[in-house]
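Just below is one structure, and these are the notes that go with it.
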Amino acid sequence: MLLLTVLLCAVCVFAFADTEYSLDLMNGKLSIGDSYIVLTPTNLSMHPELLEKLNRTKEGLEADFAERGVVLQAWVSTLDACLEVTVVQDEDAVRYFDMEQQTNAARNEYRISYLKDKKYEAEGYDYKSADWKRQTLGGRFLMLKYKRTVNGEVYWGYARRTIRNGYTLTLDYQVYGRGLRAKDLNSVNKVANSVSFASSEPLPETAEGAIEFTSVPPAETNTGVFTVEGRCASEAHLIGVVMRMSSPTPTRIEADAKKNGSFKLNVKLPEEGIWLMTLTVEAGGKVIADKVFDYTTYNKTLLPVSWDTPVPETLPGDELIITGVTSKAVNVQCIVMNGISTFDKTVRTNGTGKFTFKVPTAQEGEYDITVVFSKKDYDTRRFTYTATRSLTEADIRKNAAAQAVKPAYNTLVSKMEGYKGRTMVYTVYITDIQQAGDEWIVFAATGKTNKGYKNPIVIIASEEPEFIIGTQQKFYGVCVDPYQVESEEGNESYPCFDLLFWE
């Protein structure tokens, strides 16, 4: 009985054992349950099977981990969920340094940014909630629930995030091919409760001339009203001046920073024109910082437009997302042509002024993009761009597999004209290979009987096939005009394909 009890205890300890991992940069640590398959920058060579299932290489993951500050990835056995832990010294880490030592106002400012800041939208994130939670050992963590869209693929996640000792720590529990479940939230919460820090470094003193901005003068406005906000030295005095060459009297705006260094200047331009704003920061009876902003154009009939991200010259994927902000109740039309297909969609902005277009760019070629903004009593604005989509071998294979059809041979022959230009896939018997100039003519058949081959077709390839006659091969090709073959009985027409690739 005693032996059985000891064995049971040993099994329980093994089942619930956790492994401790170091967060060296932050002087901290955390624990991960042994039910996970854990990848770290130093153990990737020990998990070749997992890397193969993830379609990743050791060298590729090492570079990815280093670039994004990944400490570890903990995968569940079914590979439909992964907890990724990252430690980075990003812009927020420099700004806030340590959330346990920040004011409630600063923590709220950080929390709200996840629900309002457009930079996360540009990264594909749609944060559904953001709330603070005090974890067991590591203090306050921001609880985040999100949906993320990357290159047309969507996944969901729960995350815990905090800033300690000058670094941002993120515990990101991502799920794939399904929705979030209660156990996912429990899983990330358990790890968050294990995070601890051996010490906390004091907040660095704000440098005398340091100043950062969360809102600056807009490039364009039709109201002439905007705010300049940010953070500087505690209780500093700020003097803003807006001026234009044709105006002899500049407009002066003054404000004092709060104890935490945050400030806000409300600006109202006196008349239409092109304006330049400067900002002077004073503390202790002397000037500690100066800033000259970019020009602001004020025109009452102007529709202001700002893009979340510039339209790229080279299109990276099968979908281009065009997003930005203009005024409310504006009709925004996006027209895209690439010689094959046309995208034409018009949206009307709501009170936020936001607009979004998702343009399909799977086809290779040059895309002419036009975005038009119009509203009654305002000047219509038109922006034009040219972008190029170049397909990789992987893109070609992916698109072909998604588009390929396989009609029966008799259907193919009887409806040949309707199938021209379509991508098709067949497994065929190779009956002959002939070179014709720079091309190779591959004769094949989709069927075989005791008497020989049946259902002949022709495949036009730009490179000499490496297989031999008589073998069975699978190919993807585009249906073109029938191939004419002369015989003793007369001319015969065979279904013909321009080869995309052999598989």
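For region 80-111, the tally of residues that are part of a loop (DSSP other than H, G, I, E, B) and in contact with a Leu (Cβ under 7 Å, 6 or more places away or on another chain) stands at 2.
Evaluated against (1) outside any loop (DSSP other than H, G, I, E, B); (2) open to solvent by 80 Å² or more (accessible area, probe 1.4 Å), ASP184 falls short on exactly one condition, (2). Looking across region 217-262, the residues that are open to solvent by 20 Å² or more (accessible area, probe 1.4 Å), within 32 Å of the chain's Cα centre (by Cα) and at pLDDT below 90 come down to ARG231, SER262. Within region 348-363, is there a residue that is more than 24 Å from GLU153 (Cα to Cα), in contact (Cβ under 8 Å) with a residue 12 or more places away in the chain and not in a loop (DSSP other than H, G, I, E, B)? Yes, some residue in region 348-363 is more than 24 Å from GLU153 (Cα to Cα), in contact (Cβ under 8 Å) with a residue 12 or more places away in the chain and not in a loop (DSSP other than H, G, I, E, B).
If you go through region 470-503 and keep only what is part of a loop (DSSP other than H, G, I, E, B) and open to solvent by less than 90 Å² (accessible area, probe 1.4 Å), you end up with GLY470, THR471. The set of residues in region 18-59 being free of Cβ contacts under 8 Å to residues at least 40 places away in the same chain and either more than 22 Å from LEU79 (Cβ to Cβ) or open to solvent by less than 30 Å² (accessible area, probe 1.4 Å) (or both) consists of GLU20, SER22, ASP24, VAL38, LEU39, THR40, ASN43, LEU44, LEU50, LEU51. Residues in region 453-469 that are surrounded by 10 or more Cβ atoms within 10 Å (Cβ to Cβ), over 22 Å from THR423 (Cβ atoms) and more than 42 Å from the chain's Cα centre (by Cα): TYR453, LYS454, ILE469.
Let's see how each residue does on (1) closer than 24 Å to ASP98 by Cβ; (2) in a strand (DSSP E or B); (3) open to solvent by less than 70 Å² (accessible area, probe 1.4 Å):
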{"position": "SER113", "(1), (2), (3)": "yes, no, yes"}
{"position": "GLU121", "(1), (2), (3)": "no, no, no"}
{"position": "ASP126", "(1), (2), (3)": "no, yes, yes"}
{"position": "ALA130", "(1), (2), (3)": "yes, yes, yes"}
{"position": "MET143", "(1), (2), (3)": "yes, yes, yes"}
{"position": "LYS147", "(1), (2), (3)": "no, yes, yes"}
{"position": "TRP156", "(1), (2), (3)": "no, yes, no"}
{"position": "ALA159", "(1), (2), (3)": "yes, yes, yes"}
{"position": "THR162", "(1), (2), (3)": "yes, yes, yes"}
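Hey, among the residues in region 409-422 that are part of a loop (DSSP other than H, G, I, E, B) and within 41 Å of the chain's Cα centre (by Cα), which one's farthest from TYR476 (Cα to Cα)? Checked region 409-422; the qualifying residue farthest from TYR476 (Cα to Cα) is LYS420. For region 284-330, a tally of residues being over 18 Å from VAL359 (Cβ atoms), open to solvent by 40 Å² or more (accessible area, probe 1.4 Å) and not aliphatic (A, V, I, L, M) returns 13.
Residues checked against (1) more than 30 Å from VAL154 (Cβ to Cβ); (2) part of a loop (DSSP other than H, G, I, E, B):
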position	(1), (2)
GLU229	yes, no
GLY240	yes, no
LYS258	yes, yes
LEU276	yes, no
ASP294	yes, yes
THR301	yes, yes
GLY317	no, yes
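The values are calculated or read from the model by the stated rules, or taken from the named source; none is laboratory data. None of these values were measured; they are calculated from a predicted model. Cβ coordinates were reconstructed from backbone atoms using ideal geometry, including for glycine residues, and neighbour counts include every protein chain displayed. These area figures cover heavy atoms from the full protein model, side chains too; ligands, DNA and RNA do not enter into them. Shrake-Rupley method; radii C 1.70, N 1.55, O 1.52, S 1.80 Å.
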